Amino acid sequence: MTARVMVLARIREGDEGKFETAYAEVTAKVAGTPGHIRDELLRPADNDDRYILLSEWETTAAFLAWEDAPIHKQTTTPLRPYWAGAVERNIHEVATADSKEN
């Protein structure tokens with residue numbers, strides 16, 4: 001079942017542009033990871049400091065395998081200097097009429 005991972009991160013004031021540049025670099029490195037489908041960065045429209053990093057994976061297991069691998073921390077390190085505090089991660093499986101079990 002397809003999974004979507006949402007990471008909610010507060011970004012330090014004034015570092016938004018640097019964060020977006022770092023995000024583009026990170027997503028370029030993640031492309032081609034087994035099970036990875038795509039990434040999106042959602043910028044706040046109301047001058048809030050919270051961004052949503054959205055990724056789509058073939059399965060939750062594929063995402064968790066990448067997250068647990070040492071390459072995950074190495075790949076995502078460029079994002080960390082811009083975070084203002086802890087980030088929140090949620091995994092959601094896509095529920096469609098085709099994916100429901102009867």
Can you pull out the residues in segment 58-68 that are over 26 Å from LYS18 (Cα atoms) and open to solvent by less than 30 Å² (accessible area, probe 1.4 Å)? THR60, ALA62
I'd like the full set of residues that are in contact (Cβ under 8 Å) with a residue 40 or more places away in the chain and closer than 20 Å to THR59 by Cα, limited to segment 9-43. LYS29, VAL30
State which residue is farthest from THR96 (Cα to Cα) when the search covers only segment 11-57 and only residues that are assigned to a strand (DSSP E or B), at pLDDT 95 or above and open to solvent by 60 Å² or more (accessible area, probe 1.4 Å). LEU42
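The values are calculated or read from the model by the stated rules, or taken from the named source; none is laboratory data. This one's a predicted model, so the numbers in the text were calculated from it and none came from an experiment. Backbone-built Cβ (ideal geometry, glycine too); neighbour counts: all protein chains shown. Side chains are part of the model used for accessible areas, which takes the heavy atoms of the whole protein and leaves out ligands, DNA and RNA. Shrake-Rupley method; radii C 1.70, N 1.55, O 1.52, S 1.80 Å.
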